[in-house]
2 protein chains.
Amino acid sequence: MDLRASEIAFQILPMNIGLDMMGGDFAPLEAVKGVAQYLFDTNTQSRLTLIGDEKQIKYLLAESDQISIIHSDQVIDMHESPTKALKEKPQSSISLGFQSLAAGKIDAFISAGNTGAMLVGALFSIKAIEGVLRPTISSVIPKENGKTGLILDVGLNADCKPEQLNQFAVMGSVYSQQILGIGNPRVALLNVGEEEGKGNLLAQATYPLLKENTHINFIGNIEGRDVLLDVADVIVCDGFTGNVILKLAESLHGISERQNLAHEYFDRFNFENYGGTPVLGVAKPIIIGHGISHAKAFKNMIILAQKMIETDVMTKLKKELEP
Amino acid sequence: MDLRASEIAFQILPMNIGLDMMGGDFAPLEAVKGVAQYLFDTNTQSRLTLIGDEKQIKYLLAESDQISIIHSDQVIDMHESPTKALKEKPQSSISLGFQSLAAGKIDAFISAGNTGAMLVGALFSIKAIEGVLRPTISSVIPKENGKTGLILDVGLNADCKPEQLNQFAVMGSVYSQQILGIGNPRVALLNVGEEEGKGNLLAQATYPLLKENTHINFIGNIEGRDVLLDVADVIVCDGFTGNVILKLAESLHGISERQNLAHEYFDRFNFENYGGTPVLGVAKPIIIGHGISHAKAFKNMIILAQKMIETDVMTKLKKELEP
């Protein structure tokens, strides 16, 4: 790589997206292909910092002024204990990614590696936005009519408090405005009935908070049957329920493929279309990909990171969450 | 109706299934059609007790020795408060149904009317089986490979304790053996990860109870992606999560219809194929139908009631739940 050229590029281009090249079941090949597709398909000026085995990356990827490499000779495997692995492998691609993000060397960090390590890293390497009780992860939900909604939390917080769901509502609302381009998003509480007062203790206690929250456009409760319909734009729930729903929805893509149902709607349950899951409520953009991410997912995660930086969604989140 | 003939029939036939003719959005016509289909399609000797407006029923339905009518001139509407309605309308079809069931005049009670009133009636008119902490409602889940599983609780218990989930596992296991014909059913805990120790506080505390439960064949945690696959026969979860999943799964039928996807698998999400939801853990068979039940659903609910009486599933449940 021409170091001088890349240094000049670094000074001109403010946006620098960090990507873990060793994360995911098909690393580094699919990550490399995703980077190539991103550079080829999008007419972008973003700079990419690729974190991983330098030799392998250089062997697979043509040189480019937009790219720099941080060499890493350790990998956190998919089934390692997150906290232990982050401590014992400071030179792993995930550890180096968080170090670079914390130090301001990159503006966003993406990995399809060990999800637990990504979550622990997100929570402990990068500060939460002031006032945020708990960061959250969300997922897009394809609506039957072609639109796209958002559901959160989808697994970072298996047990939630009403005040946390109330913040998830705000974060989901800002994210869907800034990233999904939905104006005045309709926010709903996922519940077992439509009427106020329905639900488990958590939902019952959350409803009045959402109702009084002036930062969101709360439309009330929705039920399981409304999740795939265009009833709400942002669906708020605890991370246990959200995780089960997300994984059930994702399974529809595989089922439709195996059943030879070549149908546009079920194709949209292919998570690769959306890239990964951003962690909301932390100070910097962090995107977590599926272990089975292919090139398309990596490309889309880079595009998502770019959008999160461009729209400055983190600052907008902070503003809305200020007491 | 020839009273003598019906009295003789009553003495010969031990099984008497009570049906609320005024429950559901298309009452009493669809209930009547369901009864007619049941009598015509199945070569059965069961006796049916139809509870509702005698004039309307007699006008719509041909006389039969298998049928008797209990006249009711009150109806609990779909949106009435359950407890209040049951108190203020003792002559309603649902109230009379529970009175008949409690008095032993009928052996099972079916209604597609006010779900809340059916649940309150089930819990307070009919005793719970000794030792049962909380009755539960379950739903069948169509598996991609053509098999059928069971999920419970699907909404009777929005907040659950680990000991309750442990009992749901036993009840689901007995029910799926006796009614669905599954030998040694695989019981799984719905969770956000496969490993023991994963999950919210409820799932974490439930896992060891299921693991030690010698009355079930516990296979561990399953995730949302496994719900529609043939991974487990009985899926145990709290009623909030189960209700959301059930309604989401049911919505797939409507979506596949609207998207002109005439596909066998998604057709199986049409709840009418299965009839209604039995209340498990109470001493007698009670089946709750959807408000939008048509003839087929009514017919299938009668068949289900018959099967529950024939297999004596309640006594088998009691045996397995004895301390």
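The values are calculated or read from the model by the stated rules, or taken from the named source; none is laboratory data. Given the structure is predicted, the values throughout are model-derived calculations rather than measurements. A quick note on method: Cβ atoms are made from the backbone with ideal geometry, for glycine too, and the neighbour counts reach across all protein chains shown.
Overview of results
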read-out	value
All positions within segment B:47-56 that are in contact with a helix residue (DSSP H, G or I) (Cβ under 9 Å, 6 or more places away or on another chain) and more than 25 Å from B:Leu119 (Cβ to Cβ)	B:Arg47, B:Gln56
Residue within segment A:163-177 that is modelled with pLDDT of 95 or more and surrounded by fewer than 17 Cβ atoms within 10 Å (Cβ to Cβ) present	yes
Residue within segment B:242-251 that is at the interface with chain A (Cβ under 8 Å from one of its Cβ atoms) and of a type in the set (Asp, Glu) present	yes
Unmet requirement for B:Ala262, which otherwise passes all of (1) more than 30 Å from A:Ile222 (Cα to Cα); (2) small (Gly, Ala, Ser); (3) over 22 Å from the mean Cα position of the chain (by Cα)	(1)
Count - residues of segment B:1-23 that are at pLDDT 90 or above and either in contact with a helix residue (DSSP H, G or I) (Cβ under 7 Å, 6 or more places away or on another chain) or basic (Lys, Arg) (or both)	8
Test: residue in segment B:107-122 that is under 27 Å from B:Tyr175 (Cβ atoms) and surrounded by fewer than 18 Cβ atoms within 10 Å (Cβ to Cβ)	no
Pairs, first at the interface with another protein chain (Cβ under 8 Å from one of its Cβ atoms) and within 12 Å of A:Leu246 (Cα to Cα) in segment B:223-237, second among the hydroxyl-bearing types (Ser, Thr, Tyr) and surrounded by fewer than 21 Cβ atoms within 10 Å (Cβ to Cβ), C-beta under 6 Å, six or more apart	B:Arg225/A:Ser251
Residue that is farthest from A:Asn243 (Cα to Cα), among those in segment B:186-214 that are of a type in the set (A, V, I, L, M) and touching a Ser or Thr at 6+ places or on another chain (Cβ under 9 Å)	B:Val187
Of residues in segment B:184-220 being touching a residue at least 24 places away in the same chain (Cβ under 8 Å) and within 11 Å of chain A (Cβ to nearest Cβ), the one surrounded by the most Cβ atoms within 10 Å (Cβ to Cβ)	B:Asn191
Some residue of segment A:303-313 being modelled with pLDDT of 90 or more, more than 19 Å from A:Val187 (Cα to Cα) and touching a Leu at 6+ places or on another chain (Cβ under 9 Å)	yes
Scan of segment A:223-238 for residues that are out of contact with any Cys (no Cβ under 6 Å at 6 or more places or on another chain) and crowded, with 24+ Cβ neighbours inside 10 Å, ordered by number	A:Gly224, A:Val227, A:Ala232, A:Asp233, A:Val234, A:Ile235, A:Val236, A:Cys237
Residue identified as closer than 22 Å to A:Gln306 by Cβ and surrounded by fewer than 20 Cβ atoms within 10 Å (Cβ to Cβ) among A:Thr44, A:Thr49	A:Thr44
Residue match in segment A:262-270 (condition: of a type in the set (A, V, I, L, M) and either away from chain B (no Cβ under 11 Å) or surrounded by 17 or more Cβ atoms within 10 Å (Cβ to Cβ) (or both))	no
Residue within segment A:246-261 that is surrounded by 18 or more Cβ atoms within 10 Å (Cβ to Cβ), touching a residue at least 24 places away in the same chain (Cβ under 8 Å) and touching a Gly at 6+ places or on another chain (Cβ under 7 Å) present	yes
Condition check for B:Ile302: touching a residue at least 60 places away in the same chain (Cβ under 8 Å), in the same structural domain as B:Ala108 (by TED's automatic domain parsing) and touching a strand residue (DSSP E or B) at 6+ places or on another chain (Cβ under 8 Å)	yes
